[in-house]
1. On the basis of being within 16 Å of the ligand (Cβ to nearest atom), outside any loop (DSSP other than H, G, I, E, B) and not hydrophobic (A, V, I, L, M, F, W, C), does Gly235 make the cut?
2. Which residue pairs have Cβ atoms under 6 Å apart, sit 6 or more places apart or on different chains, and have a first residue in the stretch 178-192 that is among the aliphatic types (A, V, I, L, M) and a second that is more than 6 Å from the ligand (Cβ to nearest atom)?
3. Answer yes or no as to whether Phe185 is out of contact with any Asp or Glu (no Cβ under 8 Å at 6 or more places or on another chain), within 15 Å of the ligand (Cβ to nearest atom) and not in a loop (DSSP other than H, G, I, E, B).
4. Against the definition (touching a Lys or Arg at 6+ places or on another chain (Cβ under 8 Å) and either farther than 19 Å from His126 by Cα or free of Cβ contacts under 8 Å to residues at least 24 places away in the same chain (or both)), how does Ala91 come out, yes or no?
5. When the residues of the stretch 188-200 are narrowed to those that are touching a helix residue (DSSP H, G or I) at 6+ places or on another chain (Cβ under 8 Å) and near the ligand (Cβ under 8 Å from one of its atoms), which ends up nearest to Ala246 (Cα to Cα)?
6. For the stretch 238-257, enumerate the residues that are touching a residue at least 12 places away in the same chain (Cβ under 8 Å) and not in a helix (DSSP H, G or I).
7. Across the stretch 69-91, what is the number of residues that are out of contact with any Phe, Trp or Tyr (no Cβ under 9 Å at 6 or more places or on another chain) and either closer than 21 Å to Ala18 by Cα or not polar (S, T, N, Q) (or both)?
8. Can you tell me which residues in the stretch 149-182 are over 19 Å from Cys217 (Cα atoms) and within 16 Å of the ligand (Cβ to nearest atom)?
Amino acid sequence: MSDEEQKQTILVVDDEPANIQALGNLLKDEYRIRIANSGEKALAMVQDGDQPPPDLILLDIQMPGIDGYEVCRRLKAQPETSGIAIIFVTARDSASDEEYGLNLGAVDYIAKPFNQAIVRARVNTHMSLKRKTDLLERYALLDGLTGIPNRRHFDNLFEKEARRCLREGQPLSVIMMDIDHFKGFNDHYGHGAGDQCLQRVADALNGAMARPGDALCRYGGEEFVALLPGTDAEGAREVAEHLRQAVEGLAITHKYSSVGPVVTVSLGTATLDTNRDPEADRKSLLKSADEALYSAKEAGRNRVG
Ligand SMILES: Nc1nc2c(ncn2[C@@H]2O[C@H](COP(=O)(O)OP(=O)(O)OP(=O)(O)O)[C@@H](O)[C@H]2O)c(=O)[nH]1
């Protein structure tokens, strides 16, 4: 990632080009600046799912059309945008205005005409807090042992992708997988070797997932789940077979498996059929994949159920 891409983003919202320019010039060396000259444009930019949301919004209050208070209210009302920090930068400098703005959920309130050094210092404080929060959130969604997304992350992704696939009339598949006779592996080679095995299996599974939208998560102890947006049932079975081969191809010795001499996985696939009742399908998708996984176990393991 380039330095420019790593920069945090500030959206400056003001109907006065001179104000946008002043704030932009003040902050452009440290941050990536986006601008909107109305409340409507600001909302459209932030709610556009294709662009990552800004880290901070510097928001004027008095603007024609949707004013800053209303922009703040609408962003705070939506879970996807409610976490974005907002600082009002405004000529309305009475204590009651400030109290009103802070009660709407803004993190700070700066009166115009502003002192450049104070604006920069306050912005830096909020951006530094935001960087720490982002880091903590990222860690909270990753599995500590394998470094891949954890179950909590999967639950969020699953909800998001299920909604998107239903909206766009796309299929959504999941693959549940479980290492065969992992208890025997742990019991005989030790917990440390078991942990290493989990790490290598996770890497191999990750490497075998081809599409950028696909996600592999650790679902539980020795259980993994793959989420495949836009993939139909046949495609999911193909991916599952690749995943099976990738783990077998690692050739990790497992003398205590009934399946063969190396570590293997069993897999079950299920696909959300957008033509049927969307709610019922979504709820039962993981259950179906789990049932398919258990039939793979019953049928002898190291296979796709
Ligand atoms: N080393 C290690 N072992 C784990 C971890 N999480 C779960 N396990 C072990 O995974 C094993 C799962 O065993 P079982 O659920 O009985 O299943 P299995 O032996 O894989 O048998 P089948 O699934 O029927 O093939 C247990 O021994 C757990 O202790 C982990 O993070 N590290």
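1. Working: within 16 Å of the ligand (Cβ to nearest atom): no; outside any loop (DSSP other than H, G, I, E, B): yes; not hydrophobic (A, V, I, L, M, F, W, C): yes.
When the stated conditions are applied, Gly235 does not pass them.
2. Ile179/Val265
3. Working: out of contact with any Asp or Glu (no Cβ under 8 Å at 6 or more places or on another chain): yes; within 15 Å of the ligand (Cβ to nearest atom): yes; not in a loop (DSSP other than H, G, I, E, B): yes.
Spelling it out, Phe185 is indeed out of contact with any Asp or Glu (no Cβ under 8 Å at 6 or more places or on another chain), within 15 Å of the ligand (Cβ to nearest atom) and not in a loop (DSSP other than H, G, I, E, B).
4. Working: touching a Lys or Arg at 6+ places or on another chain (Cβ under 8 Å): yes; either farther than 19 Å from His126 by Cα or free of Cβ contacts under 8 Å to residues at least 24 places away in the same chain (or both): yes.
For Ala91, the condition - touching a Lys or Arg at 6+ places or on another chain (Cβ under 8 Å) and either farther than 19 Å from His126 by Cα or free of Cβ contacts under 8 Å to residues at least 24 places away in the same chain (or both) - is met.
5. Cys197
6. Ile252, His254, Lys255, Tyr256, Ser257, listed by residue number.
7. The first filter runs over the stretch 69-91 and keeps only residues out of contact with any Phe, Trp or Tyr (no Cβ under 9 Å at 6 or more places or on another chain), leaving 70-71, 73-86, 91.
Those left that are additionally either closer than 21 Å to Ala18 by Cα or not polar (S, T, N, Q) (or both): 70-71, 73-77, 79-80, 83-86, 91.
So the answer is 14.
8. Scanning the stretch 149-182 gives a single hit, His181.
The values are calculated or read from the model by the stated rules, or taken from the named source; none is laboratory data. Since we're looking at a predicted model, the values are computed, not measured. A quick note on method: Cβ atoms are made from the backbone with ideal geometry, for glycine too, and the neighbour counts reach across all protein chains shown.
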